[in-house]
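One structure is given below, encoded as structure tokens.
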Amino acid sequence: MTEERGKDRLLSVERLSVSFKGDDGLIPAVKDVSFQVADNEILCIVGESGSGKSVMAKSILRLLPSDSAVYSGGRIMFEGSDLLTMPYELLRKVRGWRISMIFQDSMSSLNPVYNVGRQMREVLRLHHPELGRGDLASMAEELLNVVEMRNPSRVLPLYPHQLSGGMRQRIMIAMALVSDARLLIADEPTTALDATIQSQILKLLMRLREERGIAIVLITHDLGVVHMTADRVIVFKDGLVEEEASKRALFAQPKTDYTKRLLNSMPRLTPRRDGDGI
Ligand SMILES: Nc1ncnc2c1ncn2[C@@H]1O[C@H](COP(=O)(O)OP(=O)(O)OP(=O)(O)O)[C@@H](O)[C@H]1O
Ligand SMILES: [Mg+2]
């Protein structure tokens, strides 16, 4: 499967180093990290808490707090340009337009004082300024259908606190689909959800990858998520890429002790001989 996916390199992170200002100097969080994402593939980034996964993900769109984060080296090449040095006005055209991002904490990503319909219409209006309110509302409803939301017309007037975590996450995905982004970065998008809803959301992401041809960087600390979704996997440890492999190779023949320990700590993930997985 992996071999069939687009060979075209969409994103290339090259020797990226990111640090934070501390009282006694810079504290490194991402250290000389390189990896690529090809068109249409799902790359999972896995690693223990604090290993630098979110810092790495936020760096791609320069979303780290500018008063404390220092991009101390490297390049992030996307569609021929370096996102790290790109002027801010151009970067704004990449954010949400060419690269979309969804986070674990959908509650803080949605505005608590506006209902879902209004928030979706506002994002849609940015991309379709020519459309009137009625058309934007229909588009919002259509998008909720795409993300398999039940009763979209009943959901649009609701406020974020009136939704379940799974519903909020579907709305975040719907909003990420407004543009024709080529890359979706999803940082722990299902961690707060129960197993059934998690599986539905992951299947939704996989379906969108197939139908829309997008690439997905999926960050997780859950090897079950990796097993279900990944084409390729990067294992993060202490801000470094510890191991990079196809999913098959990672589960069959982990190279480093750290990855072996990760796998061993989740024995139920060992694939069965019939290949049926977890
Ligand atoms: N805004 C910040 N200011 C200072 N240090 C930070 C900031 N954000 C992250 N860090 C530090 O960077 C390191 C990596 O954090 P990061 O959030 O990337 O971990 P993670 O791998 O995403 O963990 P988790 O699985 O818990 O989400 C941690 O040591 C963290 O304390
Ligand atoms: Mg994180």
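Annotation: peptides 163-171, 91-99, ranked by per-residue average of other Cβ atoms within 10 Å with the highest first, follow the order 163-171, 91-99. Close amide H pairs (under 5 Å, H built 1.01 Å from N) link Lys237 with Glu242, residues at least 5 positions away or on another chain. Put Glu41, Glu242 in order of accessible area, highest first, and with a 1.4 Å probe you get Glu242, Glu41. Packing-based ranking of 125-136, 143-154 yields 143-154, 125-136, ordered from highest to lowest mean Cβ neighbour count within 10 Å.
One equal scatterer on each Cα of region 13-152, no solvent, Debye formula: the resulting log10 I(q)/I(0) at q = 0.10, 0.15, 0.16, 0.18 Å⁻¹ is -0.47, -0.94, -1.02, -1.16. Within the assembled protein chains, the solvent-accessible surface assigned to Phe20 is about 50 Å², based on a 1.4 Å probe.
Charges were assigned to the Cβ only: +1 to each Lys and Arg, -1 to each Asp and Glu. The resulting dipole of the chain about its Cα centre is roughly 300 debye. Under 5 Å from the amide H of Met101 lie the amide H atoms of Gly96, Ile185, each residue being 5 or more positions distant or on a separate chain, with H modelled from the backbone and absent for Pro and chain starts. Applying the Karplus relation 6.51 cos²θ - 1.76 cosθ + 1.60 with θ = phi - 60° to region 206-215 yields 3J(HN,Hα) values of 5, 5, 5, 4, 5, 6, 9, x, 7, 9 Hz, where x marks Gly and Pro. Shown is the FRET efficiency for Ser66 and Ser164, computed with R0 = 22 Å from the Cβ-Cβ distance and rounded to the nearest 0.05: 0.05. From its DSSP helices (H runs of at least four residues, each -39,500 (n - 2.57)), the chain gives a residue-normalised ellipticity at 222 nm of -10000 deg cm²/dmol.
Report the one residue of His128, Pro152, Phe35 whose Cα lies farthest in the direction of the positive end of the charge dipole of the chain (charges on C-beta: Lys and Arg +1, Asp and Glu -1; origin at the Cα centre). About the Cα centre, the residue reaching furthest to the positive side is Pro152. For the pair Ala195 and Asp8, label points projected 7 Å from Cα toward Cβ lie 4.0 nm apart. If you sort Ser100, Ser54, Ser108 by accessible surface, 1.4 Å probe, largest first, the order is Ser108, Ser54, Ser100. Of Lys21, Lys260, the residue with the largest accessible area leads and the full order is Lys21, Lys260 (1.4 Å probe).
Max-minus-min Cα coordinates of the chain on each principal axis give 56, 49, 37 Å, with the largest extent listed first. Net length available on complete extension from Ser153 to Ser34 is 38.4 nm, with 0.36 nm assigned per residue and the Cα-Cα distance removed. Under the convention that each Lys and Arg Cβ holds +1 and each Asp and Glu Cβ holds -1, the size of the dipole of region 112-178 around its Cα centre is about 240 debye.
Under the criterion of Cα pairs below 8 Å and six or more residues apart, the relative contact order for the chain equals 25 percent.
The values are calculated or read from the model by the stated rules, or taken from the named source; none is laboratory data. For clarity, every value in this text was computed on a predicted model and none was experimentally measured. Heads up, the Cβs are rebuilt from the backbone with ideal geometry, glycines too, and the neighbour counts pull from every protein chain shown. Keep in mind that these areas ignore ligands, DNA and RNA; they rest on the heavy atoms of the full protein, side chains included. Shrake-Rupley method; radii C 1.70, N 1.55, O 1.52, S 1.80 Å.
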